[in-house]
Every structure is written in structure tokens, then in C-alpha cells.
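Single-structure report; data block below.
The values are calculated or read from the model by the stated rules, or taken from the named source; none is laboratory data. This one's a predicted model, so the numbers in the text were calculated from it and none came from an experiment. Note that we place each Cβ from the backbone using ideal geometry, even for glycine, and neighbour counts take in every protein chain shown. We work out accessible area using only protein heavy atoms, side chains counted, and drop any ligands, DNA or RNA first. Shrake-Rupley method; radii C 1.70, N 1.55, O 1.52, S 1.80 Å.
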Amino acid sequence: MLLATLGTTVTLAIYVAALLVLLARDRRYLTILDGWLRTEGSILPNASGKWGDVFARQMRLVREQSRSYQHISSALERLQRATSAMPEGVVILDEMDHIEWCNPIAEKHLGISSSTDTGQHITHLVRHTQFAEYLAAQNYAEPVVVKQPRQQGLILSLQFVPYGDKQKLLLSRDVTQLERVQTMRQDFVANV
């Protein structure tokens with residue numbers, strides 16, 4: 001009907017103008033969305049129609065992501081506090097046996113540092129033939145006992161605990177007293 005009264009050219013021009021207006025509006029809202037996402041905006045931009053729905057949905061996703069991040073960060077912090085309070089050393093290793101994290105007891109036992117040695121291969125820092133053979137054998141049912149040359153008289157029980165996707169925990173226990181008692185017992189039996 002519009003086509004008959006105004007003519008083909010005028011009708012097409014009106015349609016093109018309407019499409020250009022819609023395109024300009026959508027481009028403006030895309031620019032607003034891009035700026036809002038870049039600034040991690042907390043204030044929802046003012047928009048109507050479908051764009052208002054898009055902004056509202058995106059705001060919900062941002063809030064959910066923020067809550068998830070806070071929840072995960074809190075859980076990680078609790079886990080690190082718990083492992084730091086343990087009397088055993090704990091080292092988290094990735095699938096290639098590189099250090100991801102360790103607690104203060106592990107730092108003391110193994111002479112490593114969580115801040116500077118993260119990413120290092122464990123055998124580059126814990127240099128014991130027995131330990132390297134234990135790691136290579138991949139039979140972690142029993143721990144390996146090693147004497148720490150850096151700390152005179154310190155004897156450690158080291159055991160790997162596989163978990164997750166080819167990751168490992170390295171647990172270290174100070175068994176110096178236990179070994180001394182065992183030696184005294186053996187000496188006593190030999191003397192008797």
C-alpha cells in the first residue's frame with residue numbers, strides 16, 4: 001500500500017533510513033556494552049527492549065562470576081591455612097613434577113621456597129639418588145627415608161600421593177627421633 005502511494009524509490013529510501021536508524025542504535029548499544037565490559041562496570045547501563053534484557057543478563061553473569069571467584073578464593077585460602085598448620089610438609093606438584101605450592105614445613109624440611117621455587121622440577125631442588133629413583137619408579141605405596149645433608153641429623157620420610165589428573169602431593173615427615181630410637185633399640189639388642 002505504501003509502495004503504491006509513494007512509489008518504489010521513496011519506499012525503499014524510507015526502509016533504508018529505518019534500517020540505518022536501527023543499525024546506528026544497535027552500534028551505540030554495542031559500544032556501550034563494550035565500554036561497560038572493559039571497565040567491569042557495576043552500574044547497569046540504561047537500555048530498553050532487547051538491549052535492556054542483554055545488559056541485565058550480563059549483569060547477573062558478572063555477579064555470579066564474582067561470587068564464584070570469591071567462594072573459590074576463600075576455599076583456597078582456607079586450604080592453604082589448613083595445610084600450613086599441618087605438622088607434615090606438603091608440596092603440590094603438577095603432572096610434570098614441577099612445584100606449584102608448598103607449606104612452610106616443606107620449605108623447612110626440603111630447603112625450598114614457595115615464592116622462588118614455584119615452577120621448578122622437584123628433583124632439581126631435592127637432590128637425593130634414592131628420592132629420584134623413588135619418583136621414577138612410580139610405586140608410592142611406601143615412603144622413602146632420606147637424610148637431609150643441608151640440615152645435620154635431619155631424617156625425612158618422603159611419600160608421594162597421586163591425585164587428580166596426574167598431579168601429586170609430596171608429604172614430608174621428620175622421622176629423626178624415630179630413627180634414633182630405632183638405632184638405639186638395634187644397638188641395645190646387639191649389645192645384649
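Points worth noting:
- Were the residues from residue 8 through residue 127 laid out at 0.36 nm apart, the gain over their Cα-Cα distance would be 34.2 nm.
- For region 58-185: relative contact order, % (alpha-carbon pairs under 8 angstrom, 6 or more apart): 22
- Distance between the 7 Å Cα→Cβ label points at residue 30 and residue 154: 6.1 nm.
- Fully extended contour minus Cα-Cα distance, from residue 176 to residue 189, at 0.36 nm per residue: 2.7 nm
- Whether region 67-128 is rounded, prolate or oblate, judged on the alpha carbon gyration tensor where a/c under 1.5 counts as rounded: oblate
- Computed FRET value (nearest 0.05) for residue 21 with residue 68, which takes r as the C-beta separation and R₀ as 45 Å: 0.70
- Region 129-176: trypsin sites (Lys or Arg not before Pro) in DSSP loop, at most 14 other beta carbons within 10 Å: 150, 166
- Loop-located GluC sites (Glu not before Pro) in region 83-114, at most 13 other Cβ atoms within 10 Å (DSSP): 95
- Computed FRET value (nearest 0.05) for residue 56 with residue 76, which takes r as the C-beta separation and R₀ as 35 Å: 0.70
- Qualifying trypsin sites (Lys or Arg not before Pro) in region 39-138, where qualification requires a DSSP coil assignment and no more than 15 other C-beta atoms within 10 Å, comprise 127.
- The chain, accessible surface, carbon-and-sulfur percent (1.4 angstrom probe): 58
- Treating r as the C-beta distance of residue 138 and residue 118 and R0 as 22 Å, the FRET efficiency rounds to 0.40.
- MRE, 222 nm, helices only [DSSP H, n ≥ 4, -39500 (n - 2.57), over the chain, to nearest 500]: -19000 deg cm²/dmol
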